[in-house]
Structures are given as C-alpha cells and as structure tokens.
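S.K.: Sharing a structure, written as structure tokens. Questions coming.
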Number of protein chains: 2
Amino acid sequence: MTTAPAATNEFEPRYASRASRMKASEIRELLKLLDQPDIISFAGGIPDPALFPNDVIGKAYADIMADPKQAASGLQYSTSEGYPPLVDWIVGHMGRLGVPCTRDNIVVTNGSQQALEFLGRLLLSPNDTALVTAPTYLGALQAFSSYEPRYDTLTPEKGNRTPASYTEAAAAGGGSVKFTYVVPDFGNPTGETISQAARQSLLDLSAELDCPVLEDTAYAALRFEGTDVPCMQAMDVARSGHIDRSRVAYLGTFSKTLTPGLRVGWICASAALIRRLVLIKQASDLNCAAINQMVMHRVATACYAEQVQKARALYRGRRDAMLAALAAHMPVGVTWTKPEGGLFVWVTLPPHVDGAALLKRAVAEAKVAFVPGHAFYADGSGRNTMRLSYSLPSEAKIADGIARLAKLVG
Amino acid sequence: MTTAPAATNEFEPRYASRASRMKASEIRELLKLLDQPDIISFAGGIPDPALFPNDVIGKAYADIMADPKQAASGLQYSTSEGYPPLVDWIVGHMGRLGVPCTRDNIVVTNGSQQALEFLGRLLLSPNDTALVTAPTYLGALQAFSSYEPRYDTLTPEKGNRTPASYTEAAAAGGGSVKFTYVVPDFGNPTGETISQAARQSLLDLSAELDCPVLEDTAYAALRFEGTDVPCMQAMDVARSGHIDRSRVAYLGTFSKTLTPGLRVGWICASAALIRRLVLIKQASDLNCAAINQMVMHRVATACYAEQVQKARALYRGRRDAMLAALAAHMPVGVTWTKPEGGLFVWVTLPPHVDGAALLKRAVAEAKVAFVPGHAFYADGSGRNTMRLSYSLPSEAKIADGIARLAKLVG
C-alpha cells in the first residue's frame, strides 16, 4: 500500500485560477467584532430586527406545520423556479412597479446576493469587463470577482464615457463588456439615487453595448421623501414594449423590507435569461427552502405594504438624527450625502485622512464602528471615505456616536 | 436620445463560455411530469415525507418564534460559517464517524448540492480533469460542468488506472487532475457501496495525484444490513494523523435523514480548505437561512438517531419489495444491483434496449416512471441502464409497478 500522507492541508496548487480573486468581505469580518455591547456600530447596514413581523411569521410557520399536506411540501424538495404562489405575488409586485410579466420571468434566489453570483457566473469569462460605479456594493464585487473580470467605471450622473471608449478598453483588457451593474435607489454604499435622465442614459449606453443591465433594487422600497423614480426595468419595458425584449435583469429582495433571515429574493428578466438562471439554480442548490418561500408568500400577502411603511418611518428618523449630528459635529472639509431613503450616508473625509486608520482609532478610542470606503472601490481607491449606516442604533446613540467620531476626525 | 431596443431577449453572445456546459437535470424535468396521480414513480429518489418529523420541526419553529431574542437572530443575517450550535452538533457527529474535528473544519451549505458546486468552483479551471465513477450522481456532473472540466473515469472496485495514466490524460486534455469524486455508500445511482480496500486504493491514488477527494455521503446513514464501512475521511485522518492534514472533503446532508426542505448540509475538511469555502459561501449567498439552521440543530439534537432508524426500516421494506418484484418479473438478460442501503436499484437491460425509449413507453403504456441511466454518465453512455428508486411508492405499488415495467422489457 502506498501511504503518502498529505504534506500540507492546503491544496493551493489545485485551486482554479479564480480562487486568487476570492476575498473576504471586510464588512462581514467587521460584523464579527461588533458583538461587543458598548460599541456604537454604523458598520452593518443590516435591518433592525425590531421591524421583523414576528407574529405574522410565527403564525405562518405554525399554520403550515399544522396542515400535513402543506408541511409535507414545505419540507420536501421543490422546483428550482420557486414556489408558485410566491412567484405569483412577485409577478403582481413587478406589475405594480410598471413591469408586466408572468411566472416565466421570475426565478427565486437566496436573497439578491445569490442573484449577483448567478449573473456573474452566467456572463463573465476571465478578462471580460463589468461596468460598475465607483464606489459600488462590495458584495457585488465579491460575487463577480470569482469570475475574474476587469472593472471599468460608470459615472451615471456625470454622463458616462462613449460606448466605443468602454468597448475599446474592454478589448484591450482581453474580453468584452458583459453587463452594467447599478444600485439605482439609495445605493449601497452612498445612499444616492440615480436620476431618471441618468437611468435613460444608462439604458442607452447598455443598448449601444448590447449588454444586460443588472438593476439591484435592495433598498428601493425605503423612500422617506421626494418622488419615486421608475425602476430601470419599467423604463426599458416601456422602450422595448415587452419584458421579454428587455435587457434589464431586476434583482429584488425581501431582506430590507420583511426579513433577511429566510434568504428569499428574486430575479425578474426576459424568459430566455430566466431559463438559463434556473439551470444555474438547479446546479447550485436545487431550490430555495420551500417552507421559507411559503412563509414569505404568506407574510408578503399579509403585510408587505405595512412593513414598508414601518421601516420608512423608523429609518427616516435615524437618517435625520445622523444628518443632524454630522452637521452639528463634523469639522470643515468633511462632506456627506443626504439620502432620500435607504440605510446609508457616505462621508468624504479630508484627502489626508485614511478611513481604515480612522476605523482602528474609532473602535479603540471612541467605541464607534463604520466601514472604510475603499472596500467599495474595485480599484481600492477612496481611502478617505467611509460608509455610515443608521439602520441599527437608536437616534440617541446615533447622535452620541457621530459626536464621538467627529472628535477623532477634527 | 439613442433608442436601440433590444432586438432579442437572449444575450447568448454575452454569455461566458461556461454557459454552454449548463444543462437541465433530466430528473428534475421528469419530476415536474410526475404530479399525475396514477403514475407509479421510481424516478425521484426523494425522501418519503411520511418520515419527516413534523411535530419536532413544528415545535422548533414555534419555540424559536416565541422567544423574541431567538426570533430576532433567526430572522437576521448570520455568519457565513454556520449557526454555531448546529456546527457543534456536526462536530460531534463527525467525531462519532471517526473524524475528530473542530468548528474550524465545518461550513454549513444549502444541502450537499451547494457543497458540490462550491468545490467545483474552487478547484476547476476549464479543461481540468475531474475523476468520477461511471455512472455517477448527475447533480454532481451538473455542478462541476459549469466550470468546464473534462471527466475521466474511476473504477474503484476493479482497481483504478495508474496515477501516471490519469495525469498524462489530464495533461493531454489541457489541464491537471483536480479531484476525485465518489458517493461511497449506497451511491446514487447504483446503490452500491465501495469496499474498504477500494477506499484505501482511492486514497492512495488521490495521494499520488496530490488532489482532494470529494466524499459525498448523502445516503451513508441509510444502511439496512451488513457492516458499516468507515468513511474515507476517517480512514484518511487515521493515515495522516489530523483532519487538517486530510485531503478528504466530507459532504454531509440532513436531506435524506431529517428533511431536504430546510436546505441544510455541510462540508467537513481541513481548516485551510474550509476558510476558502467560507469565502465562496459569503460571495454566493452570505449565509444559510439562520432560522433553518436553528431548527435543524433542535431537530438533530432531539431525534437524529431515531429518524435514521425509522428511515432504515421503511426503505428496507421497499427495497425488499423491489428486489423481490425484479426477481419475480424481469426476463432473462436483465440484471440489477442489490443495495445494502440507500434509495436506489440500478438495472442493466439487454444491450439492444434503450432506457430513454423504454421510459416513453413505460409512462404511456404502463404508467410507470424511472430515470434512464445515460443521464448519469459524463459521456452519455449507458443507454441500456435505468435507475429505480423505491423511496416513495408503497410496497404494493412497487410490486405492481415492477410487474408492469417488466412486461415492457420482456
């Protein structure tokens, strides 16, 4: 018998080349450190559990488990496409957003993070180009980077570069432009919203590049004030006449409105794209937990609109507290966004201040946490920025935390 | 404004090259057709929902939702590694299987399908080689194929080829051997078990190739008779002295013992490999639904051993019914496996009989369904084979269905 015990517990030489692009999320690593109860955390951006509709969720589980037929299907394997009544609810929801569609246009995913990973896997070959804003959602960069793209930068509000400029840069990088990706409403990390005119320009650019648009709408329901901007998919359906001719893949989620704990989101797109994504879902994990989808269907039916109203009221108060505290305490030379919704304020520090260094001092000296902004840049720039979330601390803690943080900056 | 409406609803030219390898699972497509109540289905291989511990699961949900603190964490984002008490249960379970390990050796996945996809993503570059049996689990082929490998064939019971033979073929194919993959116990699709001697040889081969071994144990708990064979990871830990020096990644799941509906499985492997897989989990869907993991922890603690006993008794009776019916009705020239556990019997038909053609006739003329065997071969061979699952129909239906099917063969 040949006994060749493993000389090492790593298999680095056996990894695919994509493994070198897989990196830890600074946010998730940070979250682990924040169980210390005396820290005021602006880091997470996770919803306040006080908003979760526990009674409705608890009743939904109880009702399903009390009905042997429902329990049997909730605990069994199910279709990769999603639980049909939930899919029907989503179809109705998309219709209300200006996107008439059918079941064939929907696949249910484990939150919108899984949607991002699926679309990256479907579209990106090594050295292809993904067009993203700078900064952008770092979880999207994580999901896409496994597939070894290069990134190029969209600047929606300033006017983007010409299609030829993007195409030529992509070709020089060894691939082509595969998609544009944006978080148009109260975006993670800046809290800013892309105007309707800029959305039209993005659709124009994507049409000229003949590539899909990934529209990440995680925060879109959480508007506190101002006027709703139509979703890009609705605008594109209006242009093209039909969801099946749209180039927009709409990424939806219940995580910021109902609960992230059930891991339920969806993609709405042309039936042809959805058919591909269903294959990916099959190969990836067969299906989302059926019972979670059944619960989410009942909860969305019972209280979606009401929960959205509650979340808006709570987060609006906290945003107000944060903006007031920033105005009261931050020294000259510090600027920040004024979001009309969502969970985030984006702060630009004086050029010489490093966000990561500030975080270390903030945790140690002021017991305050946030996310340094450079994590949201594909190229690691933005050292003098930080993302502040007001979603979890009380208004009083927000006022206190910002005052403490400002002292370190000033 | 440039309006260039999408001329097509497909984005085929924008797909990554891997998209051409993404195919539908014949089984899952079949399952959709089997809602007709008059069909006797040997197709699925899904567990009998009569076994699901509904009372324990229902009580677990109720208890969690009744405790505001537990509810808040069950409905919130959670760590990518997994819910610590569930991870601790798994650590204990692995210890009982002869694999002493710690939390650092475990990542919780959405069933073992997600584990397969993660390991494919981590290890396979295009044209690399995956060593698999022929036939093998088709969901594994689906998961791996997204990463564009070539396949070469393991023949554990006949003695495998030399390491050099595999290495040279892999190099000729444009890559290297990245892993061996087996379902050692009551494997899907054949129901057969790899002997301890053949497991040692597979470990030898993998050591010579210096590659990980993916050990898929989906059915391992369901032994009806005979003697347990140690899991390959336990054998490898005995050889190497420590889980962190083992080359085996153990893929475990609760799907066949407790319920597949919560989508909870795990990987046990060296801490270094687990750290990589946790990054992949983060990028893929952040974490498994926390509440499902909390429920699974309570259910596993309350009744894992008891559920395994119940499942063994039920499926043993059905296996007996199927083997008896095959012996009674199948014509000369048809052979089949005699599994000591699991959910499947594998049938080899006379060489001129095509399994796919037989299925069409079986559904139309005999109201019986099964899975044609060629789907389980990476090269599409095995046309004269079929997989029969006895997991769902009653013993009487099994006897009736096999009799009807045999008439079509004879």
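The values are calculated or read from the model by the stated rules, or taken from the named source; none is laboratory data. Because the structure is a prediction, the values reported are computed rather than measured. Reconstructed Cβ throughout: ideal geometry from the backbone, glycine too, with neighbour counts over all protein chains shown. We work out accessible area using only protein heavy atoms, side chains counted, and drop any ligands, DNA or RNA first. Shrake-Rupley method; radii C 1.70, N 1.55, O 1.52, S 1.80 Å.
S.K.: Do we find a residue being more than 14 Å from every other protein chain (Cβ to nearest Cβ), surrounded by fewer than 24 Cβ atoms within 10 Å (Cβ to Cβ) and farther than 26 Å from A:Trp346 by Cα anywhere in region A:223-231? It would help to see each step written out before you state the result.
M.R.: Step one: list which residues in region A:223-231 are more than 14 Å from every other protein chain (Cβ to nearest Cβ), which gives A:223-231.
Filter once more, so that each one left must be surrounded by fewer than 24 Cβ atoms within 10 Å (Cβ to Cβ): A:223-231.
Going one step further and asking which of them are farther than 26 Å from A:Trp346 by Cα, we end up with none.
Within region A:223-231 (the criterion being more than 14 Å from every other protein chain (Cβ to nearest Cβ), surrounded by fewer than 24 Cβ atoms within 10 Å (Cβ to Cβ) and farther than 26 Å from A:Trp346 by Cα), the answer is no, since none of the residues qualifies.
S.K.: Determine whether B:Gly111 is at positive phi, within 11 Å of chain A (Cβ to nearest Cβ) and in contact with a strand residue (DSSP E or B) (Cβ under 7 Å, 6 or more places away or on another chain).
M.R.: Details: at positive phi: yes; within 11 Å of chain A (Cβ to nearest Cβ): yes; in contact with a strand residue (DSSP E or B) (Cβ under 7 Å, 6 or more places away or on another chain): yes.
So B:Gly111 fits the description; yes.
S.K.: In this structure, does A:Gln282 turn out to be within 7 Å of chain B (Cβ to nearest Cβ) and more than 16 Å from the chain's Cα centre (by Cα)?
M.R.: Here the answer is yes, as A:Gln282 does meet what is asked.
S.K.: Out of contact with any Lys or Arg (no Cβ under 9 Å at 6 or more places or on another chain) and facing another protein chain (nearest Cβ under 9 Å): which single residue out of A:Gly92, A:Gly74 fits that description?
M.R.: Exactly one residue qualifies, and that residue is A:Gly74.
S.K.: Provide a single number: the residues in region A:340-357 that are aromatic (Phe, Trp, Tyr) and either surrounded by fewer than 24 Cβ atoms within 10 Å (Cβ to Cβ) or more than 22 Å from A:Ala321 (Cβ to Cβ) (or both).
M.R.: 1
S.K.: Are there any pairs with C-beta distances below 6 angstrom linking a residue in region A:99-128 that is closer than 18 Å to A:Ser246 by Cα to a residue that is among the polar types (S, T, N, Q) and at pLDDT 95 or above, with the two at least 6 apart or on different chains, and if so which?
M.R.: Going by the 6 Å Cβ cut-off, the qualifying pairs are A:Val99/A:Gln233; A:Ala115/A:Thr109.
S.K.: So, of the residues in region A:99-115 that are in a loop (DSSP other than H, G, I, E, B) and either β-branched (Val, Ile, Thr) or within 10 Å of A:Asn287 (Cα to Cα) (or both), which turns out to be nearest to the chain's Cα centre (by Cα)?
M.R.: So the residue we want is A:Asn110.
S.K.: Quick check on my filter: what residues within region A:95-108 are among the charged types (D, E, K, R) and more than 12 Å from chain B (Cβ to nearest Cβ)?
M.R.: Those that are among the charged types (D, E, K, R) and more than 12 Å from chain B (Cβ to nearest Cβ): A:Arg96, A:Arg103.
S.K.: Continuing with this model, one more query. With respect to A:Ala362, is the statement that it is farther than 30 Å from A:Lys69 by Cβ, more than 14 Å from every other protein chain (Cβ to nearest Cβ) and in contact (Cβ under 8 Å) with a residue 60 or more places away in the chain true? Talk me through it step by step, then tell me what you get.
M.R.: Working: farther than 30 Å from A:Lys69 by Cβ: yes; more than 14 Å from every other protein chain (Cβ to nearest Cβ): yes; in contact (Cβ under 8 Å) with a residue 60 or more places away in the chain: no.
The answer is no for A:Ala362.
S.K.: Okay, moving on. Collect the residues in region A:116-143 that are under 13 Å from the mean Cα position of the chain (by Cα) and either of a type in the set (Phe, Trp, Tyr) or within 14 Å of A:Ala269 (Cβ to Cβ) (or both), keeping them in residue-number order.
M.R.: Scanning region A:116-143 gives A:Leu116, A:Tyr137.
S.K.: Identify, please: which residue in region A:114-129 is more than 10 Å from chain B (Cβ to nearest Cβ) and more than 22 Å from B:Asn110 (Cβ to Cβ) and is, among those, least open to solvent (accessible area, probe 1.4 Å)? First the steps, then the outcome.
M.R.: Of the residues in region A:114-129, the ones more than 10 Å from chain B (Cβ to nearest Cβ) are A:119, A:127, A:129.
Narrowing further to those that are more than 22 Å from B:Asn110 (Cβ to Cβ): A:127, A:129.
On the way: A:Asn127: 80, A:Thr129: 0 Å².
Taking the candidates together, the pick is A:Thr129.
S.K.: A follow-up question, please. Identify, please: which residue in region B:1-22 is open to solvent by 40 Å² or more (accessible area, probe 1.4 Å) and within 7 Å of another protein chain (Cβ to nearest Cβ) and is, among those, modelled with the highest pLDDT?
M.R.: Checking each candidate, the answer is B:Ser17.
S.K.: A further question on this structure: For the subset of region A:291-343 comprising residues that are of a type in the set (A, V, I, L, M) and not in a helix (DSSP H, G or I), which member is farthest from the other protein chains (Cβ to nearest Cβ)?
M.R.: Top of the filtered list is A:Val332.
S.K.: On to the next question. Out of the residues in region B:130-184 that are of a type in the set (S, T, N, Q) and facing chain A (nearest Cβ under 10 Å), which is most open to solvent (accessible area, probe 1.4 Å)?
M.R.: Per the stated criteria, the residue is B:Ser176.
S.K.: Residues being part of a loop (DSSP other than H, G, I, E, B) and open to solvent by less than 10 Å² (accessible area, probe 1.4 Å): count how many of those fall in region A:364-408.
M.R.: The number of residues fulfilling the criteria is 3.
S.K.: While we're looking at this one, here's another question. Across region A:257-279, which residue is nearest to the other protein chains (Cβ to nearest Cβ) among those that are assigned to a loop (DSSP other than H, G, I, E, B) and among the β-branched types (Val, Ile, Thr)?
M.R.: A:Thr259
S.K.: Name the one entry in A:Ala302, A:Ala289 that is farther than 24 Å from A:Leu214 by Cα, surrounded by 24 or more Cβ atoms within 10 Å (Cβ to Cβ) and small (Gly, Ala, Ser).
M.R.: A:Ala289
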